[in-house]
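The values are calculated or read from the model by the stated rules, or taken from the named source; none is laboratory data. Bear in mind the structure is a predicted one, so any value in this text is a computation, not a measurement. Here the Cβ positions follow ideal geometry from the backbone for every residue, glycine too, while neighbour counts run over all protein chains shown.
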Amino acid sequence: MIATVTLNPSLDEWVEVPTLRTGVLHRARSFARYPGGKGINVSRVIHELGGRSVAYAFTGGGDGQMLRHALARLGITGVFVSVHGATRNNYKILTTRPRALTEINTPGPRVRAGDVRRLGRALLGRGRRLACATLCGSLPPGASAGVYAQWIRMLRARRVPVVLDTSGAALRLGVAARPFLIKPNRQEAEELLGRRLPGRAALIEAARALVARGVEVVILSLGAEGALLACARERAVWWARPPRVRVNSGVGAGDSLVAGFLVGWLGASRAPAEGAARRAWLLQAFRLGVACGTATVITPGTELCHRKDVRRLLPRVHITQLV
């Protein structure tokens, strides 16, 4: 079982309009609503691939109830802590002229220290029954920047590997707690390391530098360019190059990459311990992750990937050893 944690979930409101101008009335061509937040997206993709997950999240108000019902309709098990205020709504507006996506993310309800403790107890209570835990996304108002780091240490003490996918201070403090895997994009890696990463050589050096901080696996996501992978047990760095596809929406592509990697790595619970077999297993999981991310960008809205598209794209993901 993979646990996904989303401290600041959302209802994602997807709207398509011909163009977007301030101060005038627009009539939408289409509208859709999805349960959102990075950890919830990971759970959605794990479920689509046939894996098992449980989604931990704060929810509040009527929108929080809608989020719970939406996950239940998808067949995703949830563990929720109710908070004061309402679960946030995030708005994704796709325009035709020009073809562009405008996103408006709201801050979410303020949480209390007691709310954080209750969710933490629920997560940690599963202990060693978890194959992995993912701590994903932004922190809601009121949550300490160090909460992810605290939970990483507690989960590691229970021998639960942790994936951390966040940004800013939460990422910096979380990396110091030595999670199993992180997946920064270029901008997040630059902020974390305090320097620009202008080319491939700089990206390779960055991936290795992050591994040197005690992270077992580092995946640097590079959008349409694919992703880099570095691992503490391997000297090499690999680049996964996805096939060219028509992009409909990039929302959730990075979350899909994380989910695909975890399903590939943990799916059969028999990852080899060392050597060439382990390396092949690692790269197979990496390929599945990049295929999931690519399959997500071809879907509309925040629909995320479909298994049939992942299967079709998987053999077209090319992995190259860079060093």
Show the residue pairs that are 6+ apart or on different chains and have beta-carbon atoms under 8 Å apart, the first residue being within the range 142-171 and basic (K, R), the second being loosely packed, with under 15 Cβ neighbours inside 10 Å. R158/G127; R158/R128; R159/R128
Which of the residues belonging to the range 240-249 are out of contact with any Phe, Trp or Tyr (no Cβ under 6 Å at 6 or more places or on another chain) and surrounded by 21 or more Cβ atoms within 10 Å (Cβ to Cβ)? P242
State all residues of the range 281-313 that are out of contact with any Cys (no Cβ under 9 Å at 6 or more places or on another chain), outside any loop (DSSP other than H, G, I, E, B) and within 15 Å of V263 (Cα to Cα); if no residue qualifies, say none. W281, L283, Q284, A285, F286, R287, L288, G289, V290, R307, R311
Flag if T95 is touching a Leu at 6+ places or on another chain (Cβ under 6 Å), touching a residue at least 40 places away in the same chain (Cβ under 8 Å), among the β-branched types (V, I, T) and farther than 22 Å from V211 by Cα: yes
Set E191, E274, E216, E205: member being in contact (Cβ under 8 Å) with a residue 24 or more places away in the chain, farther than 30 Å from T302 by Cβ and acidic (D, E): E274
Restricting attention to the range 99-109, which residues are in contact (Cβ under 8 Å) with a residue 12 or more places away in the chain and out of contact with any Phe, Trp or Tyr (no Cβ under 9 Å at 6 or more places or on another chain)? L101, P107
Could you please find all residues in the range 141-157 being hydrophobic (A, V, I, L, M, F, W, C) and in a helix (DSSP H, G or I)? V147, A149, W151, I152, M154, L155, A157
Are any of the residues in the range 133-143 out of contact with any Gly (no Cβ under 7 Å at 6 or more places or on another chain), more than 17 Å from T4 (Cβ to Cβ) and of a type outside the set (D, E, K, R)? yes
Helices (runs of 4 or more DSSP H) contained in the range 158-262 and holding at least 1 residues touching a Leu at 6+ places or on another chain (Cβ under 7 Å) and under 24 Å from N90 (Cα atoms): 168-176, 186-193
So, restricting to strands (runs of 3 or more DSSP E) that lie completely within the range 1-47, which ones have at least 1 residues that are crowded, with 24+ Cβ neighbours inside 10 Å and free of Cβ contacts under 8 Å to residues at least 60 places away in the same chain? 30-36
How many of the residues in the range 17-53 are under 23 Å from K308 (Cα atoms), out of contact with any Phe, Trp or Tyr (no Cβ under 7 Å at 6 or more places or on another chain) and aliphatic (A, V, I, L, M)? 5
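Kindly evaluate R110 against the criterion of being modelled with pLDDT of 95 or more and loosely packed, with under 14 Cβ neighbours inside 10 Å.
The answer is no for R110.
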Among G64, G51, the single one that is buried (at least 16 other Cβ atoms within 10 Å of the Cβ), in contact with a helix residue (DSSP H, G or I) (Cβ under 7 Å, 6 or more places away or on another chain) and small (G, A, S) is G51
Considering every residue within the range 263-271, establish whether at least one is touching a Gly at 6+ places or on another chain (Cβ under 8 Å), without any contact (Cβ under 8 Å) to a residue 60 or more places away in the chain, within 20 Å of K38 (Cβ to Cβ) and not acidic (D, E). yes
When you check G168 against the structure, is it farther than 26 Å from G252 by Cβ and either surrounded by fewer than 16 Cβ atoms within 10 Å (Cβ to Cβ) or hydrophobic (A, V, I, L, M, F, W, C) (or both), yes or no? no
Quick check on I219: is it out of contact with any helix residue (DSSP H, G or I) (no Cβ under 6 Å at 6 or more places or on another chain), buried (at least 19 other Cβ atoms within 10 Å of the Cβ) and within 22 Å of N8 (Cα to Cα)? no
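Residue-wise test of (1) under 22 Å from G64 (Cα atoms); (2) free of Cβ contacts under 8 Å to residues at least 60 places away in the same chain; (3) acidic (D, E).
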position	(1), (2), (3)
A86	yes, yes, no
N90	yes, no, no
G114	yes, yes, no
A122	yes, no, no
A133	no, no, no
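Take G78 and tell me if it is touching a helix residue (DSSP H, G or I) at 6+ places or on another chain (Cβ under 6 Å) and without any contact (Cβ under 8 Å) to a residue 40 or more places away in the chain.
So G78 fits the description; yes.
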